[in-house]
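These notes concern the structure reproduced below.
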Amino acid sequence: MKAAGHVSWGGGGQIEAAQRIAARAAEAGLPLQLHLPNLPPLAEEGEARRLARKPREENPEYEWRGDPYLQVMDPAVVCDLLRWLREQCGFVQLYDLSAVDPAADAPELWVVYGLLNLAEKVRLELRLGLNKEHLSVPSVVAVHQAADWHEREAAEMFGIVFEGHPDPRALLLPEDWDGFPLRKDYEFPDQYQGISCT
């Protein structure tokens with residue numbers, strides 16, 4: 001039997017939780033914007049064929065299925081926001097921190113923070129858009145120690161500078177590696193120090 005107010009992992013509970021957090025953040029004056037999926041949880045008959053044709057349309061509407069997310073509108077507040085979510089909303093665990101480069105010609109990439117509220121069994125995703133010409137955001141290691149290696153990996157793979165990170169050394173690549181391999185505009189070298197990369 002579920003306790004009153006209990007929310008299961010995933011599903012409609014994610015949308016309700018994101019809406020609740022967005023409303024509380026607005027009351028607290030925190031710059032967040034709620035984004036909700038516009039496709040139903042289960043695909044309708046023939047949807048795959050319809051979606052496959054969308055890129056050929058002149059102005060295809062953006063459609064997606066999955067969890068909602070909250071967009072952080074100001075990079076400067078990310079530490080205060082994560083601290084508020086932990087202390088006021090119960091999102092005590094940072095389970096992921098990564099980045100997404102949507103396209104080689106996209107003007108920005110996204111830093112993505114994944115949080116868990118273990119008491120309510122709810123996930124929350126935050127996204128922060130950064131201009132590719134200025135990829136700098138405060139480190140959140142002081143708020144969530146788990147961000148340490150996640151930020152180091154995102155720095156190496158995407159070129160993001162996490163200001164104030166306590167140990168920004170390379171984690172996966174040699175110190176002299178050129179470029180950021182998970183960026184969509186990255187061109188892999190033919191060789192590295194005489195070793196073929198192809």
Tell me which of Trp149, Leu171, Leu39 sits at the most positive position along the dipole axis of the chain, charges placed on C-beta atoms (Lys, Arg +1; Asp, Glu -1). Leu39
Each residue of region 101-109 in order: what ³J(HN,Hα) in whole Hz does its phi give by Karplus 6.51 cos²θ - 1.76 cosθ + 1.60, θ = phi - 60°, with x for Gly and Pro? 9, x, 6, 4, 9, 5, x, 9, 10
For the chain, what does the helix formula give at 222 nm: sum of -39500 (n - 2.57) over DSSP H segments with n ≥ 4, over the residue count, nearest 500 deg cm²/dmol? -7500 deg cm²/dmol
Given a 10 angstrom Cα cut-off, can you work out which residue in Leu34, Leu70, Leu51 is the most mobile in a GNM of the chain? Leu51
If R0 = 41 Å, then Arg24 and Glu44, at their Cβ-Cβ distance, give a FRET efficiency to the nearest 0.05 of 0.75
Quickly work out the Gln71-to-Asp185 label distance, labels modelled 7 Å from Cα along the C-beta direction, and quote it in nm with one decimal. 2.1
Starting from the amide H of Leu97, placed 1.01 Å from N in the peptide plane, find each other amide H under 5 Å away whose residue is 5 or more places distant or on another chain. Gly114
Amide H within-cut-off set for Glu108, under 5 Å, with H built and near neighbours excluded: Lys132
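Bear in mind these aren't lab numbers, they're just calculated from the coordinates by the rules spelled out. Remember, predicted model here, so these are calculated numbers, not experimental data. All Cβ positions, glycine included, derive from the backbone under ideal geometry; neighbour counts span all protein chains shown.
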